[in-house]
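Asks: Pasting a structure here, questions to come.
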Amino acid sequence: MGLLNLFFSPHRHSAAIAKERLKIVLAHERAGRHAPDFLPRLQKELIDVVCRYVEIREDMIRVNLGKSGETSLLEINIEIDGAKPMLGGLRAATPGKSG
Amino acid sequence: MAKVVVITSGKGGVGKTTSAAAFAAGLALRGHKTVVIDFDVGLRNLDLIMGCERRVVFDFINVINGDANLNQALIKDKRNDNLFIFPTSQTRDKDALRREGVDRVLEELKQQFDYIICDSPAGIEHGAITALYFADSAIIVTNPEVSSVRDSDRIIGILASRSRRAERNEPPVELNLLLTRYDPARVAKGEMLTVEDVKEILSIPLLGVIPESESVLRASNTGTPVAFDSDSLAGRAYLDAVARFLGEQREMRFVKPERRNLFRVLFGRA
C-alpha cells in the first residue's frame, strides 16, 4: 500500500472521486425529482396484485413516469423470470371455479 | 423588451452577490440600462458590495407596501449612469416579499430598464423561490466543489418546475452556468473538478469561468463591483461572461494555470 500510494497519491485523484460521487448521487436525485406522489403506492398495489399469481420480490417491479415528446408514459416493468406460480393465489383469484 | 435575470445557486457563499454586482456593472458598461435588486430580505449585502450602503433610504419592501415609490428607492450608481441599485430591507422578515407585490414592482421596472438582475438569497426557501419565479433567464453560480454542484442541480430542477414560465407552460427559463472561484493550478493537480467535469454533470451552457482572485476581496473591501476593475483577472472574466450573455463569441480565458510572469511577481497584480 505504501509503495502504491507513492505512485498514486490519493490527493492527485480527489477530483475524479468527486466527479464519480456527484454523478451517482445526482442520477438518483434527478430520478426522484419529477415522480408524482402516488408512484410508491401504485408500485405497492401492483406488487400485491401480481403476488396473487406469481411470487415476486419488491425489487422485481419498477414503476417509472417518463416523457416522450408531448406524451407522458407510465412504464411498468415486472420481472417474473424465475418467479414461482402461486397456486393458492390462483384459486383465490378465480372464485368461480373454487366452489 | 426588458429581461429579468436571476443570479442563483442554492448554496451560500459561492459568489452570488459578487456575481450579481459584477454582471450588472458589466451590462451597464455595455450601455444597457440595468438595475440590480437584492432579494435577500433581512440579510442586506448588495448595498455594501455596490458601495452605496450609506445612500439607502427606502427599500424593496417599502415599495411593495406602497410606503415609497420606485424612484425614491432606486439608487443611481455614481460610476455609471446606466446602473441602478435596488436595496432590500434589513429589518423586515423574509415573508414580506409577497409574490403579487414583487410582480407589480418588476412590471414597473420593466418600463425603465433593459435588464433586471435579481440577486437571490441562498437556500430553496420563500426568498429564493420568489427571486427565481419571475425570471426569463437564470445564471447558476457554482463552485467546483461537490456540495455546490449538487445544490446547483437542485436549483436547475426548481427553475424547470416552479418558475412562472414553467407554471404557464411558456418557453423555459434560459439557463447559464457561471463557474466561480476556479483555481486552474489545483485543477491541473487533480485536486479540483475541471470546467468540463462541472459542465458535463450539470449539462447547461457555460457562460464563464471566474478564477479565484485576490481582486474579488479587494473589490468587496472597497465597495466596487469587480467588473469595474478591468485590470484584474476576475474583472476581465466577468466582462467576458457579460459579452457571451449578449451573444458574442469569446474564447474561455483563465482556465489554465498561469505562467509565472516577472511583471506580476514584481508588481503584485492579481
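The values are calculated or read from the model by the stated rules, or taken from the named source; none is laboratory data. All of these numbers come straight from a predicted model, not from anything done at the bench. Every residue, glycine as well, gets a Cβ built from its backbone with ideal geometry; the counts of neighbours run over all protein chains shown. SASA here: full protein model, heavy atoms, side chains in, ligands and nucleic acids out. Shrake-Rupley method; radii C 1.70, N 1.55, O 1.52, S 1.80 Å.
Asks: Counting just the residues of region B:191-222 that are within 14 Å of chain A (Cβ to nearest Cβ) and either within 19 Å of B:Glu258 (Cα to Cα) or in contact with a His (Cβ under 7 Å, 6 or more places away or on another chain) (or both), which one comes out modelled with the lowest pLDDT?
Replies: At the first step, the residues of region B:191-222 found to be within 14 Å of chain A (Cβ to nearest Cβ) are B:191-204.
Filter again for either within 19 Å of B:Glu258 (Cα to Cα) or in contact with a His (Cβ under 7 Å, 6 or more places away or on another chain) (or both), leaving B:191-196.
Details: B:Glu191: 93, B:Met192: 96, B:Leu193: 96, B:Thr194: 96, B:Val195: 96, B:Glu196: 96.
Taking the candidates together, the pick is B:Glu191.
Asks: Please tell me if B:Ser203 is among the hydroxyl-bearing types (Ser, Thr, Tyr), free of Cβ contacts under 8 Å to residues at least 12 places away in the same chain and open to solvent by 70 Å² or more (accessible area, probe 1.4 Å). Even if it seems obvious, please write down each step before you answer.
Replies: On the way: among the hydroxyl-bearing types (Ser, Thr, Tyr): yes; free of Cβ contacts under 8 Å to residues at least 12 places away in the same chain: yes; open to solvent by 70 Å² or more (accessible area, probe 1.4 Å): yes.
For B:Ser203, the condition - among the hydroxyl-bearing types (Ser, Thr, Tyr), free of Cβ contacts under 8 Å to residues at least 12 places away in the same chain and open to solvent by 70 Å² or more (accessible area, probe 1.4 Å) - is met.
Asks: Assuming B:Thr180 fulfils every condition listed in (1) out of contact with any Leu (no Cβ under 7 Å at 6 or more places or on another chain); (2) more than 21 Å from B:Ala20 (Cα to Cα) apart from one, which condition is it?
Replies: (2)
Asks: Same structure, new question: If a residue counts only when it is farther than 28 Å from B:Ser89 by Cα, which helices (runs of 4 or more DSSP H) contained entirely in region B:110-179 have at least 2 such residues? Write out each step before concluding.
Replies: Values: elements: B:126-133, B:146-162, B:164-167.
Per the criteria, B:146-162, B:164-167.
Asks: Please pick out the residue among B:Gly42, B:Gly26, B:Gly10 that is surrounded by 20 or more Cβ atoms within 10 Å (Cβ to Cβ), of a type in the set (Gly, Ala, Ser) and at pLDDT below 95.
Replies: Numbers: B:Gly42 fails: surrounded by 20 or more Cβ atoms within 10 Å (Cβ to Cβ); B:Gly26 fails: at pLDDT below 95.
Result: B:Gly10 is the single residue among B:Gly42, B:Gly26, B:Gly10 that is surrounded by 20 or more Cβ atoms within 10 Å (Cβ to Cβ), of a type in the set (Gly, Ala, Ser) and at pLDDT below 95.
Asks: Filter region B:151-190 down to the residues that are small (Gly, Ala, Ser) and away from every other protein chain (no Cβ under 14 Å) and list them by number. Break it down stepwise before answering.
Replies: Our first condition is that a residue be small (Gly, Ala, Ser); within region B:151-190, this holds for B:152, B:157, B:160-161, B:163, B:166, B:185, B:188, B:190.
Within region B:151-190, just B:Ser163 meets the criteria.
Asks: In contact with a helix residue (DSSP H, G or I) (Cβ under 9 Å, 6 or more places away or on another chain), open to solvent by less than 60 Å² (accessible area, probe 1.4 Å) and part of a loop (DSSP other than H, G, I, E, B), is that true of B:Leu193? Spell out how you get there, then give the answer.
Replies: Numbers: in contact with a helix residue (DSSP H, G or I) (Cβ under 9 Å, 6 or more places away or on another chain): yes; open to solvent by less than 60 Å² (accessible area, probe 1.4 Å): yes; part of a loop (DSSP other than H, G, I, E, B): yes.
Taking the combined requirement at face value, the residue satisfies it.
Asks: Then there is this: Looking at (1) within 19 Å of B:Thr224 (Cβ to Cβ); (2) in a loop (DSSP other than H, G, I, E, B), which is the one condition that is false for B:Thr88?
Replies: Against the list (1) within 19 Å of B:Thr224 (Cβ to Cβ); (2) in a loop (DSSP other than H, G, I, E, B), B:Thr88 comes up short only on (1).
Asks: Follow-up. Is it the case, given these coordinates, that B:Glu248 is acidic (Asp, Glu), open to solvent by 60 Å² or more (accessible area, probe 1.4 Å) and in contact (Cβ under 8 Å) with a residue 24 or more places away in the chain?
Replies: Numbers: acidic (Asp, Glu): yes; open to solvent by 60 Å² or more (accessible area, probe 1.4 Å): yes; in contact (Cβ under 8 Å) with a residue 24 or more places away in the chain: no.
No: the conditions fail for B:Glu248.
Asks: Would you be able to tell me the number of residues in region B:112-150 that are open to solvent by 10 Å² or more (accessible area, probe 1.4 Å), among the hydrophobic types (A, V, I, L, M, F, W, C), in contact with a helix residue (DSSP H, G or I) (Cβ under 6 Å, 6 or more places away or on another chain) and more than 14 Å from every other protein chain (Cβ to nearest Cβ)?
Replies: Number satisfying all stated conditions: 1.
Asks: Give region B:57-73 a look and list any residue that's open to solvent by 30 Å² or more (accessible area, probe 1.4 Å) and in a loop (DSSP other than H, G, I, E, B), or say none. Talk me through it step by step, then tell me what you get.
Replies: Residues of region B:57-73 that are open to solvent by 30 Å² or more (accessible area, probe 1.4 Å), as a first pass: B:57-58, B:65-67, B:69, B:71-72.
Those that are open to solvent by 30 Å² or more (accessible area, probe 1.4 Å) and in a loop (DSSP other than H, G, I, E, B): B:Val57, B:Phe58, B:Asn65, B:Gly66, B:Asp67, B:Asn69.
Asks: Sticking with this one: Among the residues of region A:26-66, write down those that are part of a helix (DSSP H, G or I) and either of a type in the set (S, T, N, Q) or closer than 27 Å to B:Arg150 by Cβ (or both).
Replies: Scanning region A:26-66 gives A:Leu26, A:Ala27, A:His28, A:Glu29, A:Arg30, A:Ala31, A:Gly32, A:Arg33, A:Leu39, A:Pro40, A:Gln43, A:Asp59.
Asks: In the set A:Arg62, A:Arg91, A:Arg33, A:Arg21, which member is at pLDDT 70 or above and away from chain B (no Cβ under 14 Å)?
Replies: Going through A:Arg62, A:Arg91, A:Arg33, A:Arg21 in turn, just one is at pLDDT 70 or above and away from chain B (no Cβ under 14 Å): A:Arg62.
Asks: Restricting the search to region A:1-18, which residues are open to solvent by 80 Å² or more (accessible area, probe 1.4 Å) and at pLDDT 90 or above?
Replies: A:Ile17, the sole residue that qualifies.
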